[in-house]
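Notes follow the structure.
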Amino acid sequence: MENKFYTIDQVAEVLDIHHKTVRKFIKEGRLKANKIGKQWRISQVDLDLFMKNKKSICNNEEFNYYDEIEFSNNENINKVTKAIRISSVIDLEDIDGEAYSRISNMLLAIMNCKTDKEKGHTINMKYSKNINRLRVMLWADIDTTKEVLDVISILTEDKNKGEDNNEI
């Protein structure tokens, strides 16, 4: 059986993530790749294995435009005292550019305000302009996850209340 090989850009498109994130996965050893000349190639087998292990971040939709923000403060990850870590993917639909800016700024502010003992959490936000969708990927302890979800709920609730008021 012949094995198909993909470029980093092709894998990024299949996984619906930024090509820099694919490079990060390769560098961290989470995605196996082979360097052929100056280019990285990922085999179909390795991609299938990665997708099987990372189903929560895989989505085969195609996007023409996206903006991605990632915040991570993993310098003290070994000092994290909370044993429970949660990975969450939150899809927010019908988010315009202004709402994206407001939500992403608020979430980054929350993540920047964490104390040293709470470090080790990561947030990644990807805005798809052509479909007005914001995808938030969060890896954090229970309290931080709850705080982020509460803020998202409050910020999107204001939008929904405004829509309800317009119907009256």
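Things to note:
- A single entry from LYS20, LYS35 fulfils the requirement of being among the charged types (D, E, K, R), touching a strand residue (DSSP E or B) at 6+ places or on another chain (Cβ under 9 Å), under 27 Å from ASP91 (Cα atoms) and surrounded by fewer than 16 Cβ atoms within 10 Å (Cβ to Cβ): LYS20.
- Count of the range 138-158 residues which are more than 15 Å from MET106 (Cα to Cα) and surrounded by 16 or more Cβ atoms within 10 Å (Cβ to Cβ): 3
Every number here is computed from the coordinates shown, using simple stated rules; none is lab data. Only a predicted model underlies this, so the values are computations on that prediction, with no experimental measurement involved. Cβ: placed from backbone, ideal geometry, glycine included. Neighbour counts: every protein chain shown.
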